[in-house]
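Read through the structure below, which is laid out as structure tokens, and then see the notes.
Quick note: the coordinates plus some simple rules give every number you see, no bench work behind them. Small disclaimer: the values here were computed from a predicted structure and weren't measured. Ideal geometry is used to build each Cβ from the backbone, glycine not excepted, and the neighbour counts take in all protein chains shown.
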Ligand code: ADP
Ligand code: ADP
């Protein structure tokens, strides 16, 4: 079964063709990296996948439904590039609040543990470093136990140590048949954390395979 299907998807912003006839499918249970330089069309593709932006042309399905339907069914979790955290709330309060919005099979402590936030549970959001705040965004993305997790450059604000811990958390979330799609512009991150790398440039797929295949072709 496909978790994600893009069929001839394009998106224009005025004169800029940000995504240009994208065709791709992602099988359920895979962890896939969308690798490409800045401006390649990664965020635009992700925003369309989440139903936040409409394609100018083409069709997108998530588990056989439109993106809006898949999101409404609670099948999709997302970590976008920014997103304010309510500064006065503690990490535990923030995650607990969002957890109450979903019929989540995951316990609060389990989610905090998963996102490596147990030791920070009592800290107010305003006191968090960039990398710590990213871990909270990760917790908010997984709290509803979505079948598809979408991450747009999730480690952008993190130091080396936080990055390693973050990817560990992502991989453990992916276990057990969940699907993950993440955008990155680092081949190494794509290589170490995915089963398949889709390389995009100029809004098109320019390579698609395992990281070893991509490196061999580069
Ligand atoms: P990436 O995430 O790979 O950096 P984006 O999807 O953000 O790529 O951008 C793809 C192209 O679309 C770039 O040329 C970018 O400048 C352009 N673009 C993105 N968002 C907008 C927007 N809101 N208005 C106009 N152009 C945009
Ligand atoms: P700067 O952006 O000022 O170079 P960073 O701390 O972002 O500083 O990056 C330090 C080093 O880590 C650089 O070599 C950069 O290429 C690499 N790097 C930065 N972000 C990532 C990331 N998300 N994944 C892998 N490597 C990264």
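Assorted remarks:
- Isotropic mean projected area of the C-alpha convex hull, the stretch 108-190 (nm²): 5.4 nm²
- Between the stretch 1-56 and the stretch 174-197, the alpha-carbon center distance in angstrom: 16 Å
- Normalised Debye scattering of the chain at q = 0.10, 0.12, 0.15 Å⁻¹ gives log10 I(q)/I(0) of -0.42, -0.62, -0.96, counting only Cα atoms as equal scatterers and leaving out solvent.
- From most to least packed by mean Cβ count within 10 Å, the peptides 7-17, 52-62 give 52-62, 7-17.
- Most fluctuating residue given options 50, 187, 35, as computed from a GNM of the chain linking Cα atoms under 10 Å: 187
- Over the stretch 1-98, the Kirkwood radius and the radius of gyration, each from Cα atoms, give a ratio Rg/Rh of 1.03.
- At the listed q of 0.18, 0.28 Å⁻¹, the Debye profile of the stretch 144-191, built from one uniform point per Cα, gives log10 I(q)/I(0) equal to -0.56, -1.21.
- Counting only DSSP H runs of at least 4 residues, each contributing -39500 (n - 2.57), and dividing by the residue count of the chain, the helix-based mean residue ellipticity at 222 nm comes to -9500 deg cm²/dmol.
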